[in-house]
Each structure stands twice: as C-alpha cells, then as structure tokens.
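> Take this structure, written in structure tokens, and hold onto it; I'll ask about it next.
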Amino acid sequence: MINRPKGTKDVVPSEIYKWKQVEDCARESLSKRGFKEIRTPVFEHTELFVRGVGEGSDIVNKEMYTFMDKGDRSITLKPEGTASIVRALIENGLDNEAMPQKLFMYTPCFRYERPQAGRLREHHQFSIEAFGSSSPLMEIEVIGVIKSVFDSLNFHNYMLNINSIGCKNCRNAYIEALKKYYSKHIDEMCADCKVRYEKNALRLLDCKEEKCASFKNNAPKPRDYLCDDCKNHYNELKALLKTSGIEYKENDNLVRGIDYYSRTVFEFLTVENGALGTICAGGRYDGLVGELGGKDLPGVGVGLGVERLLALLEKNNIELKDNSGIELYIANASPNEMLAVVELAQKLRDEDIIVEFDTMGRSLKAQMKYADKIGAKNVMIIGEQELQTRTAKIKCMTNSKQEEVSLDDVGQIADMAFEAYFSDEE
C-alpha cells in the first residue's frame, strides 16, 4: 500500500463537516466586513517569495518546497498567501481600482518543517489582506475578523498581543541599537541567531531557543525608537482596540518571521499545557506592494490556519455539530417499487432535500439497518400498498414518531423531512 506523504492529512467524510463549519464561519465574518474572495495558483515563481517574504526568513531559508520545472524555471509551492495575493493584485490591475481593496483567499500552503499538532507540511489557511488604507482602522477590521470567527465558534481561550516595529524611517536606528546590544552575546547565541544577527537582526527577538531567551529581557525595545508618526499610529490603534472592546496585551518582543512587516504586528495566542502558543499572526506591510512592482500601497493582513484552529477547538472541548446527514431515506419493499422510489427521490432533491435510497439490492430489513447506520433523520417505506393508496408513512428515527403523507404532495413530504417535523415536544 502507498501511504500519504509525511506531514499531510486526509480529511475523511466523518471529519469534513468540522472543516466546513470553520470555513463557513470565516467566510461569513469576512463577508460582513466587505472582503472579497480571490484565488491564486498553488505554485509561483520562486523569486516572488524570495523578494516578498525575504531572504532572511526561515520560510525562504529552510521551509520552501522549491523545484526546477521542465522549462528550467525555479518554481515554489505556495508557503503563505500574502505574496501571492499582492502579485495578483498588481498583475490584474486591482491596484488601479477603488480603495480599499479587501481580499481573502482560502488556500493550501506548503512548508517543509517538522510536523506537529495543528501544523502540517501541507496546511490550509485563510489569508486575509487589505490594501490602500494607512489608518489603524484597517488593522481593527482585520483583527476584528479573527475575533469574530473565534467568538462565533465559542472559542474564548485566546489573547491578543500587539507591538509596533516601526517604519523604514525609524527602524534602522532600532536595528543598530539591537545589533550593538547582541554583539556582546554572539558567542552565546544559537546557530540560527548568529545568522539572524547578520541577515535579519529584528528576528533575534523571535528566537524560541532557551539559551537565547534571557537576552531578550534586557534588549532595546522597538517602541523606544519609534518616530512620531509611528507613535501616533500605535497609540491610535490601542485607542481603537479599547473602543471596539477588544482586549490586548503589549509585547515588546513581538516581531514577525517574515521581512515585509512594518509598524503594527500582532498575534492571537492561547494557553496550551501552561504555556502560550500562537494561533495566528499578522500585521501591517506598507512597502510590500511597491517592492513587488506595484503602486506604493499600504497593506495589512493575517493568516488563519484551519488545522491549527480545529486542533484548538478539540483541545478546548468545543464540539462542532454535524448538521449535514441524510434527511430522508426512501426504502423499497421489493424491486418492483424501485422506479417509483427513484422518481420521488428526484422530486424531493429538486426541493433541496438530502435523499438517499438503496443501490445495493438490499432486503427491506437490511435497508432499515443501513438507514440507521448512516444516521438518516427520517425513513419512508414504499411498497405495493403505498403505491396503490398513494400514501406512505414517514418515520422519525430519533423518536419513532410517524406521520402519513400523500406521495403526490412532494411539498408536504419535503417540509416534514427538512423541518424536523417530529420534535421531541408533545
């Protein structure tokens, strides 16, 4: 037998309803805020991610699935969604349309890293991006989507961390101070941080290695080096969060592992096994569109991993109910009634009722067992007598109540099957 590749997952029918509920919840929250869906290819030219994500990032250095195609072009499977959306924005002229452009994409992403709970080599995420507004009001829109999704799913074990890493006008002074501080600890740093010191010093604050953690406590803070514009932006963001009723915590060591971020960065965290773990993260990237060849448009975005969120819902004992299922199973008493069953099933399906019938040649008894096994909500048996009288009985499988209906009144049958006509209340 050939097994699936390491770090991937099959989503079987018994689990898919959970995915659909999370996806539907996210789409509803996005729609309420005017975000429009966009779709981009699953692979892009490698240069897009090198320029967009940054050569100094772990994604580019360690995690990308990159290969040469038959035309000797370097191609990379999409490791994240933002760079692809920005490329599509520019290439399709969306940067010339009315602003803001509020876009989202539901997409598989690929990163070669050690698989762990909620984090696979192929994972799926909502990439939520907004362009054209430099106001912190847009951060509130993006953060508000995530909060809305969590609240709608009754998931409340989260906290929002925020920070400002400044803009290109004030960040250089901070990075210079940061490198000066860390220069005293180079020999003590992990191998990755030694590389970060040279290529992307800001990411020194993002290191999770225990030996480097102690350095962060006394390191210079980004907020102490902000220019007046960045300070005002950050203070306005905090005021807007308070007005919106969104609780937050300031985290001086919060930076993002991708090079394109500027000013606001944020993370939604949860308590897992006594420690904080990241649920999703994002921030502002005002220079990315211009860097990739488009107009000088400000942007802000966030990525929400579906596998990660589903794992957290399970850990927090939040049950997602399966509301799909077969609404009506039509059993035939003998093969003679099969044509009538097929005809009725089609009419009911035209009324948007989920109907199933026997295709295996089972006996009536076996059909009833099968209906129970697949969780059919209601069952109707059609035999010779039912066809003669043009009436049949619908039986509710949860409480065994029955009701006689006319086979010629498709609307009546549909109402009973769809509306849980047989309630548990008398």
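The values are calculated or read from the model by the stated rules, or taken from the named source; none is laboratory data. Remember, predicted model here, so these are calculated numbers, not experimental data. Neighbour counts run over all protein chains shown; Cβ positions are idealised from the backbone, glycine included.
> With G144, G93 as the choices, which residue is surrounded by fewer than 18 Cβ atoms within 10 Å (Cβ to Cβ) and on the phi > 0 side of the Ramachandran plot? Break it down into steps so the answer makes sense when it comes.
Working: G144 fails: on the phi > 0 side of the Ramachandran plot.
Residue meeting the stated conditions: G93.
> Given the structure, is F155 among the aromatic types (F, W, Y) and under 23 Å from G293 (Cα atoms)? Show your work before the answer.
Working: among the aromatic types (F, W, Y): yes; under 23 Å from G293 (Cα atoms): no.
Taking the combined requirement at face value, the residue does not satisfy it.
> Hey, another quick one. Take the conditions closer than 26 Å to S262 by Cα and out of contact with any Lys or Arg (no Cβ under 7 Å at 6 or more places or on another chain) and apply them to K211. Does it pass? So that I can check it myself, show each step before the final result.
Working: closer than 26 Å to S262 by Cα: no; out of contact with any Lys or Arg (no Cβ under 7 Å at 6 or more places or on another chain): yes.
No, not satisfied.
> Kindly provide the set of residues from segment 333-361 that are within 14 Å of F418 (Cβ to Cβ) and surrounded by 19 or more Cβ atoms within 10 Å (Cβ to Cβ), ordered by number.
We begin by selecting, within segment 333-361, every residue within 14 Å of F418 (Cβ to Cβ); these are 347-355.
Matches in segment 333-361: L348, I353, V355.
> Is segment 168-190 home to any residue that is surrounded by 20 or more Cβ atoms within 10 Å (Cβ to Cβ), on the phi > 0 side of the Ramachandran plot, modelled with pLDDT under 95 and touching a strand residue (DSSP E or B) at 6+ places or on another chain (Cβ under 8 Å)?
Among the residues of segment 168-190, not one is surrounded by 20 or more Cβ atoms within 10 Å (Cβ to Cβ), on the phi > 0 side of the Ramachandran plot, modelled with pLDDT under 95 and touching a strand residue (DSSP E or B) at 6+ places or on another chain (Cβ under 8 Å), which makes the answer no.
> Please count how many residues of segment 3-26 are among the β-branched types (V, I, T), outside any loop (DSSP other than H, G, I, E, B) and over 12 Å from the mean Cα position of the chain (by Cα). Outline the logic, then answer.
Going residue by residue through segment 3-26, those that are among the β-branched types (V, I, T) are 8, 11-12, 16, 22.
In the following step, the residues that additionally are outside any loop (DSSP other than H, G, I, E, B) were identified as 16, 22.
Those still in the list that are over 12 Å from the mean Cα position of the chain (by Cα) too: 16.
Residues meeting the conditions: 1.
> Examine segment 118-128 for a residue that is aliphatic (A, V, I, L, M), modelled with pLDDT of 95 or more and either under 21 Å from E141 (Cα atoms) or surrounded by 14 or more Cβ atoms within 10 Å (Cβ to Cβ) (or both), and state whether such a residue exists. Steps first, please.
So in segment 118-128, the residues aliphatic (A, V, I, L, M) come out as 120, 128.
Those still in the list that are modelled with pLDDT of 95 or more too: 128.
Restricting the remaining residues to those that are either under 21 Å from E141 (Cα atoms) or surrounded by 14 or more Cβ atoms within 10 Å (Cβ to Cβ) (or both) gives 128.
Scanning segment 118-128 turns up at least one residue that is aliphatic (A, V, I, L, M), modelled with pLDDT of 95 or more and either under 21 Å from E141 (Cα atoms) or surrounded by 14 or more Cβ atoms within 10 Å (Cβ to Cβ) (or both).
> State all residues of segment 193-203 that are surrounded by 18 or more Cβ atoms within 10 Å (Cβ to Cβ) and within 31 Å of the chain's Cα centre (by Cα); if no residue qualifies, say none. Steps first, answer last, please.
Quick first cut of segment 193-203, residues surrounded by 18 or more Cβ atoms within 10 Å (Cβ to Cβ) only: 193, 196-197, 200-203.
Residues satisfying the conditions are C193, R196, N200, A201, L202, R203.
> Exactly one of these conditions fails for G274: (1) modelled with pLDDT of 80 or more; (2) more than 23 Å from E80 (Cβ to Cβ). Give me its number.
(1)
> If you go through segment 79-87 one residue at a time, do you hit one that is over 15 Å from V302 (Cα atoms), of a type outside the set (F, W, Y), at pLDDT 95 or above and assigned by TED's automatic domain parsing to the domain that holds G301?
Checking segment 79-87: at least one residue is over 15 Å from V302 (Cα atoms), of a type outside the set (F, W, Y), at pLDDT 95 or above and assigned by TED's automatic domain parsing to the domain that holds G301.
> Can you tell me which residue within segment 9-60, out of those that are among the β-branched types (V, I, T) and closer than 27 Å to G71 by Cβ, is modelled with the lowest pLDDT?
Start the filter on segment 9-60 by keeping residues that are among the β-branched types (V, I, T), which leaves 11-12, 16, 22, 38, 40, 42, 46, 50, 53, 59-60.
Add one more test, that the residue is closer than 27 Å to G71 by Cβ, and what stays is 38, 40, 42, 46, 50, 53, 59-60.
Values: I38: 97, T40: 97, V42: 96, T46: 93, V50: 87, V53: 72, I59: 68, V60: 71.
This residue is I59.
> Still on this structure: For segment 289-303, does any single residue satisfy the condition of being touching a residue at least 12 places away in the same chain (Cβ under 8 Å), crowded, with 16+ Cβ neighbours inside 10 Å, within 20 Å of D24 (Cβ to Cβ) and not assigned by TED's automatic domain parsing to the domain that holds Q412? Can you show your working first?
Step one: of segment 289-303, the residues touching a residue at least 12 places away in the same chain (Cβ under 8 Å) are 289, 291-295, 297-303.
Those left that are additionally crowded, with 16+ Cβ neighbours inside 10 Å: 289, 291-292, 294, 297-303.
Checking the rest, the ones that are also within 20 Å of D24 (Cβ to Cβ) come to 302-303.
Narrowing the set further to residues that are not assigned by TED's automatic domain parsing to the domain that holds Q412 leaves 302-303.
Checked segment 289-303: at least one residue is touching a residue at least 12 places away in the same chain (Cβ under 8 Å), crowded, with 16+ Cβ neighbours inside 10 Å, within 20 Å of D24 (Cβ to Cβ) and not assigned by TED's automatic domain parsing to the domain that holds Q412.
> Anything in segment 316-372 that is among the charged types (D, E, K, R), more than 16 Å from C396 (Cα to Cα) and within 40 Å of the chain's Cα centre (by Cα)? List them, or say none. Spell out the reasoning first.
Step one: list which residues in segment 316-372 are among the charged types (D, E, K, R), which gives 319, 321-322, 327, 337, 343, 347, 349-352, 356, 358, 362, 365, 369, 372.
When the remaining residues are screened for being more than 16 Å from C396 (Cα to Cα), the result is 319, 321-322, 337, 343, 347, 349-352, 358, 362, 365.
Within segment 316-372, E319, K321, D322, K347, R349, D350, E351, D352, D358 meet the criteria.
> A366 versus (1) of a type outside the set (V, I, T); (2) at pLDDT 95 or above; (3) on the phi > 0 side of the Ramachandran plot: which is the lone unmet condition?
In the conditions (1) of a type outside the set (V, I, T); (2) at pLDDT 95 or above; (3) on the phi > 0 side of the Ramachandran plot, A366 misses (3) alone.
> Go over the candidates M64, M105 one by one and state the one that is over 24 Å from V142 (Cβ atoms) and of a type in the set (A, V, I, L, M). Quick ask: steps written out before the conclusion?
Numbers: M105 fails: over 24 Å from V142 (Cβ atoms).
So the residue among M64, M105 that is over 24 Å from V142 (Cβ atoms) and of a type in the set (A, V, I, L, M) is M64.
> Under 7 Å between Cβ atoms, which residue pairs at least 6 apart in sequence (or on different chains) link something in segment 191-211 that is within 21 Å of R171 (Cβ to Cβ) and outside the structural domain of V50 (by TED's automatic domain parsing) with a partner that is surrounded by 14 or more Cβ atoms within 10 Å (Cβ to Cβ) and among the aromatic types (F, W, Y)?
Y197/Y182; L204/Y182; L204/Y197
> What are the pairs with Cβ atoms under 8 angstrom where one residue, in segment 33-53, is among the hydrophobic types (A, V, I, L, M, F, W, C) and the other, located anywhere, is surrounded by fewer than 17 Cβ atoms within 10 Å (Cβ to Cβ) and assigned to a strand (DSSP E or B)? Sequence gap at least six, or different chains.
Cβ pairs passing all conditions: V42/P108; F43/I75.
> For residues that are of a type outside the set (G, A, S) and under 30 Å from V86 (Cβ atoms), scanning just segment 304-332, find the one that is surrounded by the most Cβ atoms within 10 Å (Cβ to Cβ). If you could, list the steps in order and put the result at the bottom.
Pass one, segment 304-332, residues of a type outside the set (G, A, S): 304, 306-310, 312-323, 326-330, 332.
Adding the requirement that they be under 30 Å from V86 (Cβ atoms) leaves 304, 306-310, 312.
Details: L304: 24, V306: 20, E307: 19, R308: 23, L309: 27, L310: 21, L312: 22.
Filtering first and then ranking leaves L309.
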